[in-house]
Number of protein chains: 2
Amino acid sequence: MTNIEKNLEVRDTITAVPGFRASAVDAGLRKLPAPDLALIVADQPCTAAGVFTTNYVKAAPVLIDQARLEAKPNHMRAVLINAACANACTGDEGLRNAEQSAAWVAEAIGCAPDEVLVMSTGVIGVQLPMHKLQKGIPAAAAALSESGWHDASTAIMTTDTRPKRFSVNVNGIHIAGIAKGAGMIAPNMATMLSMIATDAVISVEFLRRALREAVEQSFNRIVIDGDMSTNDTVLLFASGASGKTVGKDVDYHAEFLPGLTAVCKALSQAIVHDGEGVTRFITLNVTGARSTAEARQIANTIAISPLVKTAFYGGDANWGRIMMAAGRAGVKLDQNKLSLWYDDLQLVANGTPLNYDDAQANARAAQPEVTVRLDLGLGDQEATIWTCDLSHEYVSINGHYRT
Amino acid sequence: MTNIEKNLEVRDTITAVPGFRASAVDAGLRKLPAPDLALIVADQPCTAAGVFTTNYVKAAPVLIDQARLEAKPNHMRAVLINAACANACTGDEGLRNAEQSAAWVAEAIGCAPDEVLVMSTGVIGVQLPMHKLQKGIPAAAAALSESGWHDASTAIMTTDTRPKRFSVNVNGIHIAGIAKGAGMIAPNMATMLSMIATDAVISVEFLRRALREAVEQSFNRIVIDGDMSTNDTVLLFASGASGKTVGKDVDYHAEFLPGLTAVCKALSQAIVHDGEGVTRFITLNVTGARSTAEARQIANTIAISPLVKTAFYGGDANWGRIMMAAGRAGVKLDQNKLSLWYDDLQLVANGTPLNYDDAQANARAAQPEVTVRLDLGLGDQEATIWTCDLSHEYVSINGHYRT
């Protein structure tokens, strides 16, 4: 974390973001009654950017949003988010349904259909229940208010146990975001949906660059199970309502980017904390690498290893599995240069176990939060990622997700 | 399976392999009394070959065996296998201990120390208890017999619930192998130990090639959890006791290679069936690929997906997760060309779900054995791998493996 980020106060709440209104309704998409449809609307056309899944199987909303952000990046007015149905692997009908949903939003708020973006989360391979959306969308539009962000953050939850919403103020501008996460979280990018809003005045070029850089330091640094969804999307809308311009009134490097990054980090770390069945939050720090890319490659491989993750679940300092995972990451290593720490306790030096106290090591592995550092002894580059354990509860949740 | 393989009778037993004796003893390596040290000895120097883990973190026995097979491939006399300690991440002391163990075997049976190979399985990062091996090795040598293979196959088990031993006779030669598996199984190569013996007369060149080709069709086609161990080793010894020469009396392509492949397939599939906590055996068949490599890449990515594996555990035909995993495999796909079957039931055609009966799909997903076929619609290449589900029991076993 940079000093600039440290000085930012990230709040676990969103009061309002000038220029935006939000809402949520129960459109009857879920099996049990609960809000399931969120709408965020800007009073005026926004500058907007997005980062999307790199999965070759992309949900209909991803395909539509990518095209619209490319075509009209300065004219975005709204985002519709539904839970309970991913609208992925749904063919042409899925694309038509996504377009129709956006058109109903446009009709309700008064804008062009291609100024509305859509995000979906839920089961893959099922069509959207359009008759429910046809009723739900006008209801959501009628419910819009400046203070609707918390309702929206709750409506987009799937297996999340807590809503995720964070905000920061920096030099008179607001940056605020909501996200849903839980499963299918892997770098490039973290599998989840997030909608971030700011009232800064900012060019498309600056906005795209800021989002890419912030995501790289946050959502792309978290791993839950290594799977990557068909729907991953982070959207960033700028209303300009503050009247303060990034690059003139607000410094890009010292103010806007750190503020955006802080919100993205808070959202992404909250996703790991609230991952499916998670009992431990693990910070993996790979140091002494030849390059950041190699350090990340190793950290990611450790993070997705079921053997590493289950050992943490058991509170077992079975560090050999970390060495094993590091060795299979496809990065050339010298096993005689590897050193390993659990928090402050060094377990391995130059590939050989030290004479540490096993009870002390297990005590560290069994904490709710633990930092594991693996030094490769090859260079001076490093990378950090955040991950979690693999528990019985994860298996329970995902063994019967649809039932 | 080729017609030649179909005509081979692979037996789930090993009576004897001319030229070899085997044994096992309880050397006190495990927490509870049970055989834990296996020895296989050839009466005369053997031609030998090995295939080893590609993990950059290699256990001491792997490093030693690789060097010895390179130096004296026509002079191998014995293999010592211990359970309960992997002798990995053990530095110079681990190497010295592996060498000393081999030297004790050499002393007991009367050969040069570098004619003995060693394999270890168990916890990483712990040194071998040498005082126990010093007593156990002569006891194992004293217990050697032609019918000792079953004892040996039992002694090398870790979390295996059943010993794995298979044999085949082809044109008057014997090929027989034992293996241990269970966790940490991923392609390139399957994480496990296996010792295979034949009484054929065969050159080092033929032997190495046969082992490489057989492993490629068997051990490298199985996935349990995607992790790859520091100790993976398959050894193949040829005693020549049959007097029949491969390439002269025995055809390489029509007899020796199919026989060896059949034994390797039986061993590797038994490893998946007996994987940690496994409740379902899944055959993944990716067809319509541009290349075999791409088909395998996709099959492997599906096989390691925790979301796919937990859905199978739950008997849930949540096929969208298979599409998701295929899409994140790093192979360029056209999602509108993907088609999917569970056994005979087609669920998806050209990227769009068919109007199938969900109960029928779930019934197939809930079988003890199921075949999933994903057609990419891109070409005429294909690949098959064997994998399993991810259960509560897997998490239990691996959350508390050391305790």
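The values are calculated or read from the model by the stated rules, or taken from the named source; none is laboratory data. If you're wondering where the values come from, they're calculated on a predicted model, not measured in any experiment. Every residue, glycine among them, receives a Cβ derived from its backbone with ideal geometry; neighbour counts consider all protein chains shown. Each accessible area value is taken on the protein alone, full model and side chains, heavy atoms only, with ligands, DNA and RNA left out. Shrake-Rupley method; radii C 1.70, N 1.55, O 1.52, S 1.80 Å.
Brief remarks on what is shown
- To put it simply, the accessible area of segment B:310-403 at a 1.4 Å probe is 43 percent carbon and sulfur.
- Pseudo-label separations to other copies for residue B:43 - Cα-to-Cβ vector, 7 Å, nm: 9.6
- Exam field: residue B:363 pseudo-label spacings to other copies (7 Å along Cα-Cβ), nanometres: 5.7
- Rounded to the nearest 10 Å², the accessible area of residue A:56 at probe 1.4 Å: 80
- Take the accessible area of chain A alone and of chain B alone, subtract that of the pair, and you get about 4700 Å² summed over both chains, using a 1.4 Å probe.
- Reach of residue B:248 by Cα under 19 Å, taken over aspartates and glutamates that are not fewer than 8 positions away in the same chain: B:199, B:205
- Lysines with Cα under 19 Å of residue B:31, excluding same-chain neighbours fewer than 8 positions away: B:132, B:135, B:180
- When both bridge partners sit in chain A, DSSP labels roughly 70% of those beta bridges antiparallel.
- Within segment B:88-116, the residues that become at least 30 Å² less accessible when every protein chain is included than when their own chain is isolated (1.4 Å probe; DNA, RNA and ligands ignored) are B:89, B:91.
- Among B:140, B:291, A:363 - extreme Cα towards positive end, dipole of the protein assembly as shown, charges at beta-carbon: B:291
- Net charge, residue B:345 excluded, C-beta distance under 12 Å - Lys, Arg +1, Asp, Glu -1: -2
- Near residue A:333, once Lys and Arg are set to +1 and Asp and Glu to -1 for all other residues with Cβ below 12 Å from its Cβ, the sum equals +2.
- Cα-based reach from residue A:332 at 15 Å (exclusive), listing aspartates and glutamates while leaving out same-chain residues under 8 positions away: A:294, A:375
- Calculated FRET value between residue A:139 and residue A:96, using beta carbons and R₀ = 30 Å, to 0.05: 0.85
- In chain B, helices alone account for a calculated mean residue ellipticity at 222 nm of -9500 deg cm²/dmol, with every DSSP H run of four or more residues adding -39,500 (n - 2.57).
- Sites residue A:371 and residue B:248 - FRET efficiency at Förster radius 60 Å, r taken between beta-carbons, to 0.05: 0.45
- Of the trypsin sites (Lys or Arg not before Pro) found in segment A:276-323, those that fall in a DSSP loop while having at most 16 other beta-carbon atoms within 10 Å are A:290.
- Based on C-alpha pairs under 8 angstrom that are at least 6 apart in sequence, segment B:30-136 has a relative contact order of 31 percent.
- Under 5 Å from the amide H of residue A:245 lie the amide H atoms of A:201, A:250, each residue being 5 or more positions distant or on a separate chain, with H modelled from the backbone and absent for Pro and chain starts.
- This model, with +1 at the C-beta of Lys and Arg and -1 at the C-beta of Asp and Glu, gives chain B a dipole about its Cα centre of some 400 debye.
- Computed over neighbours whose Cβ is under 11 Å from that of residue A:121, the net charge equals -2, Lys and Arg +1, Asp and Glu -1.
- Table column - 3J(HN,Hα) (Hz), segment B:322-338, Karplus curve with 6.51, -1.76, 1.60, x for Gly and Pro: 5, 4, 4, 5, 4, x, 9, 7, x, 10, 5, 10, 10, 4, 7, 10, 7
- Projecting the Cα atoms of B:198, B:210, B:158 onto the charge dipole of segment B:3-273 (Cβ charges, centred on the Cα centre) puts B:158 farthest toward the positive pole.
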